[in-house]
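Before any comments, here is the structure.
The values are calculated or read from the model by the stated rules, or taken from the named source; none is laboratory data. What you are looking at is a predicted structure, and each value in this text was computed from that prediction instead of being measured. Using ideal geometry, Cβ is built from the backbone for each residue, glycine included, and neighbour counts are taken over all protein chains shown.
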Amino acid sequence: MSRIPGRAERVVSGMRPTGMLHLGHYHGVLKNWVRLQQEYDCLFFVADWHALTTHYEEPSVIAESVFGMIVYWLASGIDPRNAALFIQSHVPQHAELHTLLSMITPIPWLERVPTYKDQQMTLKDRDLSTYGFLGYPLLQSADILAYRATLVPVGEDQVAHIELTREIARRFNHLYGRKPGFEERAEEALAKLGKKAGKLYQELRASYQERGDVEALATARALLEKQQNVSLGDKERLFGYLEGGGRIILPEPQSLLTPSSKMPGIDGQKMSKSYNNTIALNEPPDVVVRKLRTMPTDPARVRRSDPGNPDACPVWPFHQVYSDDKTRAWVREGCTSAGIGCLECKQPVIDSVLRELAPIQERAVELERDPDQIRNIISEGDQRARDLAEETLADVRRCIGLDYHY
Ligand code: TRP
Ligand code: SF4
């Protein structure tokens, strides 16, 4: 159900172009996007400005990754008829909203976002004591709020960024959502609800505002949605009045936690370019075979005749992603009894990865044959994004009072 009356759920998500996509992106993000595009109004973008916050010293990586990223989104099943695909820096409204939001964002809110210090620690070889890096999650808030997105698919590590987005939206609405006379007009609208509904509305509003009772808020919203003799403007006023402030200009989005992908790297850690343990989506089959054949196994299993322990082996998580119960039982039995060798054990994984990548690579080759078609998809996505974001920005400027013309 939509939390904004009269509007369907809208999904926005972005990906940083800092290198070739790999199986971690495919299992952790893309498969999820492919599913979401069938259900929701989706916008997916290449977050090139976000990439620049960490790669400002080597921006060529970004330029080299953007086009291929979109090609592999398409090859993985993202359908431009179902989702707008665009490039963040082609939509200047993100930057404008970021600037405007920065005016109302207390610096400590940014400093206490966990990724800020974590990433500075992890990426020690980069100087991340920049204004842009501190503002990373605020730029992300602008990405989301520019479209009034209701749902944002993200991994665990990004939930704090969505929480910040919600706080910023709340603060913005509180500061700029009030219009002179709002309360009086809300009371007038309330009178039109009728005695019974009006009384219920007021009770629920009080429960929410005085005790933070979110169920009362939900009930009151449902009550409002049902009202037929109230104009849209009055309804909107009453929705806003429920939450205490005025009009909701920027609705608060929710994070849609991606079922955590267990996609392992070929060394047992999480698959990530910074660990150098990836299998890229464009990896040639012979390289895939070599990488998997040479990947480490249970270190205690030195000789073929030594029994092994799958739980101590980086190959096992691959079986968890790719193999069925029968194969997994075969692995456990064969490994712990030294009945199978490690290469034998890896073979079903190798076959599965090759089978998964083959159609993706075929489609990518096909798509790359017609770069103009890709350019068209991007420019249509860019245009749709700019149109939608401009609607929001026009409202935002007006609410702040920046819509003067001389
Ligand atoms: N920060 C996100 C990541 O690293 C990428 C991103 C940028 C994003 N803007 C966004 C994700 C907006 C969701 C919505 O994965
Ligand atoms: Fe790992 Fe398989 Fe070898 Fe066991 S048999 S150590 S699970 S690769």
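Summary table below
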{"quantity": "Meets criteria (of a type outside the set (Lys, Arg), outside any loop (DSSP other than H, G, I, E, B) and exposed (fewer than 14 other Cβ atoms within 10 Å of the Cβ)) for residue 382", "calculated": "no"}
{"quantity": "Number of positions in the stretch 19-56 that are within 11 Å of ligand 1 (Cβ to nearest atom), among the small types (Gly, Ala, Ser) and over 16 Å from residue 77 (Cα atoms)", "calculated": "2"}
{"quantity": "Sole residue being away from ligand 1 (no atom under 12 Å from the Cβ), under 22 Å from residue 24 (Cβ atoms), touching a residue at least 24 places away in the same chain (Cβ under 8 Å) and of a type in the set (Lys, Arg), chosen from 126, 170", "calculated": "126"}
{"quantity": "Selection status of residue 394, part of a helix (DSSP H, G or I), within 16 Å of ligand 1 (Cβ to nearest atom), more than 22 Å from residue 22 (Cα to Cα) and under 28 Å from the mean Cα position of the chain (by Cα)", "calculated": "no"}
{"quantity": "Qualifying positions in the stretch 85-96 - over 18 Å from residue 63 (Cβ atoms) and buried (at least 24 other Cβ atoms within 10 Å of the Cβ)", "calculated": "94"}
{"quantity": "Every residue from the stretch 136-162 that is free of Cβ contacts under 8 Å to residues at least 40 places away in the same chain and either among the acidic types (Asp, Glu) or more than 10 Å from ligand 1 (Cβ to nearest atom) (or both)", "calculated": "none"}
{"quantity": "Filter result for the condition that a residue is at pLDDT 90 or above, surrounded by fewer than 17 Cβ atoms within 10 Å (Cβ to Cβ) and among the small types (Gly, Ala, Ser), over 189, 160, 222, 206", "calculated": "222"}
{"quantity": "The stretch 322-358, subset hydrophobic (A, V, I, L, M, F, W, C) and in contact with a Ser or Thr (Cβ under 6 Å, 6 or more places away or on another chain), residue farthest from ligand 2 (Cβ to nearest atom)", "calculated": "338"}
{"quantity": "Qualifying residues in the stretch 315-331 (those that are touching a Phe, Trp or Tyr at 6+ places or on another chain (Cβ under 9 Å) and in a helix (DSSP H, G or I)) - the one nearest to ligand 1 (Cβ to nearest atom)", "calculated": "328"}
{"quantity": "Residue in the stretch 284-295 that is closer than 20 Å to residue 23 by Cα, part of a loop (DSSP other than H, G, I, E, B), out of contact with any strand residue (DSSP E or B) (no Cβ under 8 Å at 6 or more places or on another chain) and among the β-branched types (Val, Ile, Thr) present", "calculated": "no"}
{"quantity": "Residue 118 being part of a helix (DSSP H, G or I) and out of contact with any His (no Cβ under 8 Å at 6 or more places or on another chain)", "calculated": "yes"}
{"quantity": "Failed condition for residue 288, given (1) at pLDDT below 95; (2) away from ligand 2 (no atom under 16 Å from the Cβ)", "calculated": "(1)"}
{"quantity": "Per-region count, the stretch 163-186, residues assigned to a loop (DSSP other than H, G, I, E, B), surrounded by 15 or more Cβ atoms within 10 Å (Cβ to Cβ) and among the charged types (D, E, K, R)", "calculated": "1"}
{"quantity": "Those residues of the stretch 340-379 which are surrounded by 12 or more Cβ atoms within 10 Å (Cβ to Cβ) and not in a helix (DSSP H, G or I), in sequence order", "calculated": "340, 341"}
{"quantity": "Residue among 177, 194, 132 that is modelled with pLDDT under 90 and under 29 Å from the mean Cα position of the chain (by Cα)", "calculated": "177"}
{"quantity": "Qualifying residue in the stretch 83-96 (condition: within 25 Å of residue 393 (Cβ to Cβ), among the acidic types (Asp, Glu) and within 16 Å of ligand 1 (Cβ to nearest atom))", "calculated": "yes"}
{"quantity": "Any hit, the stretch 90-113, residues being over 15 Å from residue 254 (Cα atoms), small (Gly, Ala, Ser), under 20 Å from the mean Cα position of the chain (by Cα) and part of a helix (DSSP H, G or I)", "calculated": "yes"}
{"quantity": "Verdict on residue 363 being under 18 Å from residue 66 (Cα atoms) and touching a residue at least 40 places away in the same chain (Cβ under 8 Å)", "calculated": "yes"}
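Per-residue answers, yes or no, for (1) free of Cβ contacts under 8 Å to residues at least 12 places away in the same chain; (2) touching a Cys at 6+ places or on another chain (Cβ under 9 Å):
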residue	(1), (2)
307	no, yes
325	yes, no
343	no, no
380	no, no
387	yes, no
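The rows are residues; the columns are (1) aliphatic (A, V, I, L, M); (2) within 16 Å of ligand 2 (Cβ to nearest atom); (3) farther than 23 Å from residue 262 by Cβ; (4) not in a loop (DSSP other than H, G, I, E, B).
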site	(1), (2), (3), (4)
13	no, no, no, yes
52	yes, no, yes, yes
57	no, no, yes, no
80	no, no, yes, no
